[in-house]
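A.B. asks: Quick one: the structure is below, questions incoming.
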Amino acid sequence: QVQLVASGGGLVQAGGSLRLSCAASGRTFSMNSMGWFRQAPGKEREIVAAISATGGSTAYADSVKGRFTISRDNAKNTVYLQMNSLKPEDTAVYYCARGFRRYGLGPADFDSWGQGTQVTVSS
């Protein structure tokens, strides 16, 4: 059973930046795609960004393209989400997730989620 521990959330003003990190346990980190999801109050969880097992392919929600960057360090079993030009509508609990395939980047390609980290963007 993989464990995913997200960190880096916090309170930031609109236009600011945050970098989320997610440390994963286990020896198979480099064999699975990874992703970041978020859930705002009263809304369904949505996928924000995803990255393939090798890091060669990435995908982003339209709402964050050009502002967020997902990356991974397989030597450290860690995936990151750099968030720039933050907006109040980015406020949500952010979850990292592990995919069950090497190259699956869609919302249905993930089967394990961490505990989440709160991101709050003030206007």
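A.B. asks: Of the numbered conditions (1) touching a residue at least 60 places away in the same chain (Cβ under 8 Å); (2) touching a Ser or Thr at 6+ places or on another chain (Cβ under 9 Å); (3) over 15 Å from Thr117 (Cα atoms), Met31 fails exactly one; give the number of that condition.
C.D. replies: Of everything listed in (1) touching a residue at least 60 places away in the same chain (Cβ under 8 Å); (2) touching a Ser or Thr at 6+ places or on another chain (Cβ under 9 Å); (3) over 15 Å from Thr117 (Cα atoms), Met31 misses just condition (2).
A.B. asks: So, in region 103-123, exactly how many residues are surrounded by 14 or more Cβ atoms within 10 Å (Cβ to Cβ) and among the charged types (D, E, K, R)?
C.D. replies: 1
A.B. asks: While we're here: Of these, Ser52, Ser7, which one is of a type in the set (Ser, Thr, Tyr) and under 23 Å from Ser123 (Cα atoms)?
C.D. replies: Of Ser52, Ser7, the one residue that is of a type in the set (Ser, Thr, Tyr) and under 23 Å from Ser123 (Cα atoms) is Ser7.
A.B. asks: Show me the strands (runs of 3 or more DSSP E) found entirely inside region 1-83 where at least 1 residues are among the small types (Gly, Ala, Ser), open to solvent by 40 Å² or more (accessible area, probe 1.4 Å) and under 20 Å from Gly106 (Cβ atoms).
C.D. replies: Of the strands (runs of 3 or more DSSP E) lying wholly inside region 1-83, those with at least 1 residues that are among the small types (Gly, Ala, Ser), open to solvent by 40 Å² or more (accessible area, probe 1.4 Å) and under 20 Å from Gly106 (Cβ atoms) span 68-73.
A.B. asks: While we're looking at this one, here's another question. Could you list, ordered by first residue, the pairs with Cβ atoms under 8 Å in which the first is in region 3-18 and closer than 20 Å to Ser71 by Cβ and the second is hydrophobic (A, V, I, L, M, F, W, C) and assigned to a loop (DSSP other than H, G, I, E, B), at least 6 apart or interchain?
C.D. replies: Short answer, once both residue conditions are applied: Val12/Leu86; Gly16/Leu86; Ser17/Leu86; Leu18/Leu86.
The values are calculated or read from the model by the stated rules, or taken from the named source; none is laboratory data. The model shown is predicted, which means the values in this text are computed figures rather than measured ones. As a convention, Cβ positions derive from the backbone with ideal geometry for all residues, glycine included, and neighbour counts pool all protein chains shown. Side chains included, ligands, DNA and RNA excluded: accessible areas come from the protein's heavy atoms. Shrake-Rupley method; radii C 1.70, N 1.55, O 1.52, S 1.80 Å.
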